[in-house]
Amino acid sequence: MKKIFDYKTEWSGLKNRMAQMFNSKSGRTVLLAVDHGYFQGAPAGLEDLRKTIEPLLPFCDAVSPTIGGLKSSFNPWVKTPIILRATGGNSMRKPAELDDEIVTVSVQEMVNLNAIGFTTSCYIGLPHQTDTIANLTTLTDEAHRYGLISIGITAVGSDPVLGKFVKGEREDGGELTAEDKKDALKYLKHACRVVSENGADIVKTYYCDGFEEVVEACLAPIVIAGGTKRPTKEALEFTYNAVKAGAIGVDMGRNIFQNENPVAMIQAVRAVVHDNMTAAQALDLYNSLKGKK
Ligand code: R5P
């Protein structure tokens with residue numbers, strides 16, 4: 001595992017902001033992603049953003065909304081560190097253009113809103129690859145002047161071939177073949193390396209079989225996104241496998257807030273990330289917590 005606390009020991013704003021979002025004991029993080037509305041509109045589970053986040057905030061180490069989500073639905077007194085979604089300009093209404101993103105939040109605005117960092121999507125292998133890498137490099141360059149954390153995401157837009165790697169299933173819902181899995185590993189290794197070479201402090205990507213190789217290839221620590229909502233057991237299994245392979249946590253959305261019991265789910269994910277619980281132990285925990293207030 002590439003540890004976040006391997007950073008050099010002298011004081012820096014960047015390091016201190018990392019300390020705010022990483023658990024000092026486990027060295028890992030549970031970052032809650034609630035930024036999906038920037039291109040999905042109001043996806044299931046986020047229709048009422050305030051209602052969704054309030055019970056989950058006590059269990060995450062940081063939260064990642066859009067600027068609109070933050071200003072409209074967060075209590076200004078919240079102590080949870082904020083990682084702002086900093087790019088957008090796309091929408092599901094134009095699925096073919098999902099990889100065409102612009103910077104939507106200035107670094108000055110991030111500082112003003114007291115965000116500790118930002119996320120930006122890099123669409124490796126897609127038509128707007130260069131522009132989205134430029135979004136990462138430009139934002140990182142400026143954000144680092146103020147010690148803000150840069151998180152680069154390996155995103156795939158609506159590309160059907162790449163989409164199947166992040167969903168973990170074929171377009172028709174069937175299981176990935178051995179060949180698909182090999183391609184997914186090859187793609188994610190490449191994409192993570194490219195994003196890290198371009199200066200992201202943390203890379204956010206999707207789990208795949210052979211994930212150790214993705215971690216090894218990437219120059220920066222990795223957190224995993226959850227992707228499309230999966231059954232609880234499966235989501236806990238890939239979380240466990242990712243952490244075991246060296247991921248330093250999750251930046252997860254739908255598999256938490258779309259779960260039938262979001263508060264139980266985030267605690268189960270937390271137990272895997274911070275307490276080294278196995279997927280089976282975390283599922284037991286989930287079952288014991290579900291339905292409880
Ligand atoms: C894209 O919608 C955003 O970057 C999400 O924050 C990211 O995909 C993580 O959310 P999920 O776990 O739902 O994939």
Of the residues that sit in region 225-244 and are closer than 27 Å to residue 148 by Cβ and part of a loop (DSSP other than H, G, I, E, B), which one is farthest from the chain's Cα centre (by Cα)? 227
Helices (runs of 4 or more DSSP H) (entirely within region 126-224) containing at least 1 residues that are within 16 Å of the ligand (Cβ to nearest atom), among the polar types (S, T, N, Q) and in contact with a Phe, Trp or Tyr (Cβ under 8 Å, 6 or more places away or on another chain): 129-145
Show the residue pairs that are 6+ apart or on different chains and have beta-carbon atoms under 6 Å apart, the first residue being within region 225-242 and within 11 Å of residue 254 (Cα to Cα), the second being within 14 Å of the ligand (Cβ to nearest atom) and part of a loop (DSSP other than H, G, I, E, B). 225/206; 227/206; 229/258
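Return the residues of region 95-113 that are among the charged types (D, E, K, R), within 26 Å of residue 126 (Cα to Cα) and either assigned to a helix (DSSP H, G or I) or in contact with a strand residue (DSSP E or B) (Cβ under 7 Å, 6 or more places away or on another chain) (or both); say none if nothing qualifies. So that I can check it myself, show each step before the final result.
Initial filter on region 95-113 (among the charged types (D, E, K, R)): 97, 99-101, 109.
Subset that is within 26 Å of residue 126 (Cα to Cα): 97, 99-101.
Within region 95-113, 97, 101 meet the criteria.
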What's the number of the only condition in (1) within 13 Å of residue 269 (Cα to Cα); (2) buried (at least 19 other Cβ atoms within 10 Å of the Cβ) that residue 233 fails to meet? (2)
Reported set for region 199-215 where residues are more than 18 Å from the chain's Cα centre (by Cα) and over 21 Å from residue 168 (Cα atoms) is none
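Hey, among 45, 68, which residue is surrounded by fewer than 20 Cβ atoms within 10 Å (Cβ to Cβ), part of a helix (DSSP H, G or I), more than 16 Å from the chain's Cα centre (by Cα) and within 16 Å of the ligand (Cβ to nearest atom)?
Within the list 45, 68, the selection yields 68.
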Could you please give the count of residues in region 243-263 that are away from the ligand (no atom under 12 Å from the Cβ) and polar (S, T, N, Q)? 1
For region 250-290, please list each of the helices (runs of 4 or more DSSP H) lying entirely inside it that holds at least 2 residues being within 27 Å of residue 154 (Cβ to Cβ) and of a type outside the set (A, V, I, L, M, F, W, C). 254-257, 262-275
Contact list, first residue from region 140-161 and more than 20 Å from residue 251 (Cβ to Cβ), second anywhere and in a loop (DSSP other than H, G, I, E, B) and modelled with pLDDT of 95 or more, beta-carbon distance below 7 Å, six or more apart or interchain, is 158/98; 159/126
Just one of (1) closer than 28 Å to residue 201 by Cα; (2) in contact (Cβ under 8 Å) with a residue 60 or more places away in the chain trips up residue 63, so point out which. (2)
Looking at (1) in contact (Cβ under 8 Å) with a residue 40 or more places away in the chain; (2) within 23 Å of residue 262 (Cα to Cα); (3) more than 16 Å from the chain's Cα centre (by Cα), which is the only condition residue 99 fails? (2)
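Can you tell me which residue within region 19-41, out of those that are among the aliphatic types (A, V, I, L, M) and farther than 19 Å from residue 227 by Cβ, is farthest from the ligand (Cβ to nearest atom)?
First, pick out the residues of region 19-41 that are among the aliphatic types (A, V, I, L, M): 19, 21, 30-34.
With the extra rule that they be farther than 19 Å from residue 227 by Cβ, the set shrinks to 19, 21.
Working: 19: 22, 21: 15 Å.
Checking each candidate, the answer is 19.
The values are calculated or read from the model by the stated rules, or taken from the named source; none is laboratory data. Given the structure is predicted, the values throughout are model-derived calculations rather than measurements. FYI the Cβ positions are ideal-geometry reconstructions off the backbone, even for glycines, and counts take in every protein chain you see.
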